[in-house]
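The structure appears below as structure tokens.
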Amino acid sequence: MHKLKSNYISLTSNERLYCCDLPIIGLTGGIATGKSTASKYLRGLDIPLIDADQLIHSLYAEDETLEYVSQIAPDVVKTGSINFALLRDRFFRDKELKSNLEGFLYNKMPQKFLQTLDEVISSPFQYVVYDVPLLFEKQLTQKLDINILIYAPSSVQKERLKKRDDQSDEQVEAILAQQISIEKKREMAQFCIENTSDIEGLNRKIHTLFEKLTTQ
């Protein structure tokens, strides 16, 4: 599992996300479909993986981000720190805030991605997996060599989300409305792993797919 097979390497470094020299396997899903579980399994195989959410979290920890949030949404900053529950609520309701904040953060992503790549990449691996929840929403398919969707039907998503986060039906529907539907994502994905059973079953499917995609 050290190299992406040549027939799956579709881009040059100039065409790739952030001009990355290494082939990128995009990993995505919908909320509560099991993408994070898949990422954990891949990390357990020592496969280099970058988590877009973790990149965002590290950007939020920077003083420059705190200052920017204080300017565009002063009510969510208390005693020098961001109230993320309040920010999340505002983010989903306020389109202008959402656009401004996303623009600020994503302008800083290239440097953060490449910095993290240097930290996670290790011999003999010659590719990287990019775990990015909004892969299709952000139209990244043309910037990644291949993409993989961790899939579960919307009915399963809703039940898992309500159980995991103690969300109401209205809250669940609002969250799902922020993403492309899981069925549409399934149509757009190059590879799809269905996750409707247990963790062991999901891990076996991931292992089988990576054996197909990669070589020593």
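The values are calculated or read from the model by the stated rules, or taken from the named source; none is laboratory data. These numbers were taken from a predicted model, which means no experiment stands behind them. Glycine gets a Cβ as well: all are built from the backbone with ideal geometry, and neighbour counts include every protein chain shown.
I'd like to check which helices (runs of 4 or more DSSP H) are fully inside the stretch 81-172 and have at least 1 residues that are among the charged types (D, E, K, R) and farther than 30 Å from LEU42 by Cα.
Because the criterion is at least 1 residues that are among the charged types (D, E, K, R) and farther than 30 Å from LEU42 by Cα, the helices (runs of 4 or more DSSP H) in the stretch 81-172 that meet it are 84-93, 95-107.
What is the one condition in (1) surrounded by 13 or more Cβ atoms within 10 Å (Cβ to Cβ); (2) closer than 23 Å to LEU87 by Cβ that GLN190 does not satisfy?
Only one criterion is unmet by GLN190, namely (2).
Would you please list the contacts, defined by Cβ atoms under 9 Å and residues six or more apart or on different chains, that run from a residue in the stretch 106-128 that is free of Cβ contacts under 8 Å to residues at least 60 places away in the same chain to a residue that is of a type in the set (Asp, Glu) and part of a loop (DSSP other than H, G, I, E, B)?
Here the result reads LYS108/GLU62, each pair linking the stretch 106-128 to a residue that is of a type in the set (Asp, Glu) and part of a loop (DSSP other than H, G, I, E, B).
Name every residue in the stretch 11-44 that is under 21 Å from LEU134 (Cβ atoms) and of a type in the set (Gly, Ala, Ser), in order of residue number.
Listed by number, the residues that qualify are GLY26, GLY29, GLY30, ALA32, GLY34, SER36, ALA38, SER39.
If the requirement is being touching a Ser or Thr at 6+ places or on another chain (Cβ under 9 Å), assigned by TED's automatic domain parsing to the domain that holds GLN142 and surrounded by fewer than 17 Cβ atoms within 10 Å (Cβ to Cβ), which of these qualifies: LYS35, LYS5?
LYS5
Among the listed residues LYS108, LYS162, LYS158, LYS138, identify the single one that is more than 23 Å from THR214 (Cα to Cα), touching a helix residue (DSSP H, G or I) at 6+ places or on another chain (Cβ under 9 Å) and not assigned by TED's automatic domain parsing to the domain that holds GLU194.
LYS108
Restricting to the stretch 38-53, what's the tally of residues that are without any contact (Cβ under 8 Å) to a residue 24 or more places away in the chain and either surrounded by 11 or more Cβ atoms within 10 Å (Cβ to Cβ) or basic (Lys, Arg) (or both)?
Residues meeting the conditions: 2.
Could you check the stretch 151-203 and list, in sequence order, the residues that are within 16 Å of the chain's Cα centre (by Cα) and over 30 Å from TYR8 (Cβ atoms)?
Answer for the stretch 151-203, where residues must be within 16 Å of the chain's Cα centre (by Cα) and over 30 Å from TYR8 (Cβ atoms): ILE175, LEU176, GLN178.
Check ALA73, ALA61 and return the single one that is at pLDDT 90 or above, out of contact with any Cys (no Cβ under 6 Å at 6 or more places or on another chain), among the aliphatic types (A, V, I, L, M) and crowded, with 16+ Cβ neighbours inside 10 Å.
ALA73
Exposed (fewer than 12 other Cβ atoms within 10 Å of the Cβ) and modelled with pLDDT under 95: which single residue out of LYS163, LYS158, LYS212 fits that description?
LYS163
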